[in-house]
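Remarks on the structure that follows.
The values are calculated or read from the model by the stated rules, or taken from the named source; none is laboratory data. On a predicted model such as this, the values are computed, not experimentally measured, just so you know. We place every Cβ from the backbone using ideal geometry, glycine too, and count neighbours over all the protein chains shown.
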Amino acid sequence: MAMAVMILGCGVESAAQKTDTDKAARKVHYSGTFPKNTSYIVISKKEYKLYVYAKVKGEKTLIAEYPVCVGKNPGNKQKKGDMRTPESAPDKPFKISQIQPSGYWKHDFGDGRGSILSYGKWFLRLNTYKWSGIGIHGSTNNEESVPGRGSEGCIRLRDEDIIHLKENYAWVGMPVTILPD
C-alpha cells in the first residue's frame, strides 16, 4: 500500500487526473465559414476559458473554446505588478492591436529559473485602454498552469492553442471581452 502511494507521488497520473486534463482540451464547435470580421473573443476568468464567437448566418455562434491561465490574483487589475488580469466592459471590449512572433522572447518570473522562453510562438497584444504589456500568448515552460491562475496579468494558452487561435481566428482589431471572476 505504501508503495502505491509512493508511485502516485512520483508523477504517475491517476485516471481521474487524465479525465480532468481531457476536459480542459481545446474544442472546435463550428468548422464552417464565416466573415472573419464578425468574430470576437470572450474570456471568462471564472471558467478559465477563452471563447471565440462569430456571426454565422446572422446568429451568434460559438466557434471554439480554449483553456486559459489568468492572473495569479482574482479581481480587476488595479496597478502594475498586482498579478491581476484586466477586465473590460461588455460594451467596450479591448482589441487585438498587434500579432507578434514571440517564440524567442524570454522572461524571468523570479522563481529561480532565470530568464526563460515564456510566451509561445505568438503574442496577441491587447489595447486595454489603460494597461500596457497585456496580451494573449502561449505558455512555454509553464504549460502546467493552463487552465488556472498563475500569470502576471496576461492570458496564457497552451503553446499549440495559441498557434491554432492565431492561424484560424485572430486578427488585428478583433474585439476581446474579459469577464470578471
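Candidates in the stretch 126-141 are the residues that are touching a Ser or Thr at 6+ places or on another chain (Cβ under 9 Å) and surrounded by fewer than 21 Cβ atoms within 10 Å (Cβ to Cβ); of these, the one that is farthest from Asp82 (Cα to Cα) is Asn141.
Of all residues in the stretch 37-79, those that are among the basic types (Lys, Arg) and closer than 26 Å to Glu143 by Cβ total 5. Go through the stretch 76-90 and count every residue that is under 22 Å from Val42 (Cβ atoms) and acidic (Asp, Glu). Within the stretch 76-90, residues that are under 22 Å from Val42 (Cβ atoms) and acidic (Asp, Glu) number 1. Do you know which of the residues in the stretch 112-134 that are among the hydroxyl-bearing types (Ser, Thr, Tyr) and in a loop (DSSP other than H, G, I, E, B) is farthest from Glu160 (Cα to Cα)? The extreme case among them is Tyr129.
All conditions in (1) buried (at least 17 other Cβ atoms within 10 Å of the Cβ); (2) within 17 Å of Leu124 (Cβ to Cβ); (3) of a type outside the set (A, V, I, L, M, F, W, C) hold for Gln100, with the sole exception of (1).
Let's see how each residue does on (1) touching a strand residue (DSSP E or B) at 6+ places or on another chain (Cβ under 8 Å); (2) more than 16 Å from Ile162 (Cβ to Cβ); (3) modelled with pLDDT under 85:
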position	(1), (2), (3)
Gly32	yes, yes, no
Lys45	yes, yes, no
Ala54	yes, yes, no
Thr61	yes, yes, no
Gln98	yes, no, no
Gly110	no, yes, yes
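For residues that are closer than 18 Å to Ile99 by Cβ and acidic (Asp, Glu), scanning just the stretch 146-181, find the one that is surrounded by the fewest Cβ atoms within 10 Å (Cβ to Cβ). Out of the qualifying residues, it is Glu167.
Tallying residues that are within 10 Å of the chain's Cα centre (by Cα) and in a loop (DSSP other than H, G, I, E, B) within the stretch 135-181 yields 7. Scanning for something under 21 Å from Ser145 (Cβ atoms) and of a type in the set (Gly, Ala, Ser), does the stretch 75-86 turn up at least one residue? Yes, because at least one residue in the stretch 75-86 is under 21 Å from Ser145 (Cβ atoms) and of a type in the set (Gly, Ala, Ser).
Ala24 passes every criterion in (1) under 11 Å from Tyr66 (Cβ atoms); (2) modelled with pLDDT of 95 or more apart from (2).
If only residues of the stretch 112-125 that are out of contact with any helix residue (DSSP H, G or I) (no Cβ under 6 Å at 6 or more places or on another chain) and modelled with pLDDT under 95 are counted, the one that is surrounded by the most Cβ atoms within 10 Å (Cβ to Cβ) is Tyr119. Restricting the stretch 34-61 to residues that are free of Cβ contacts under 8 Å to residues at least 40 places away in the same chain and out of contact with any Lys or Arg (no Cβ under 9 Å at 6 or more places or on another chain), the residue that is surrounded by the most Cβ atoms within 10 Å (Cβ to Cβ) is Tyr51. The sole residue among Asn76, Asn127 that is polar (S, T, N, Q), over 16 Å from Pro180 (Cα atoms) and under 17 Å from the mean Cα position of the chain (by Cα) is Asn127.
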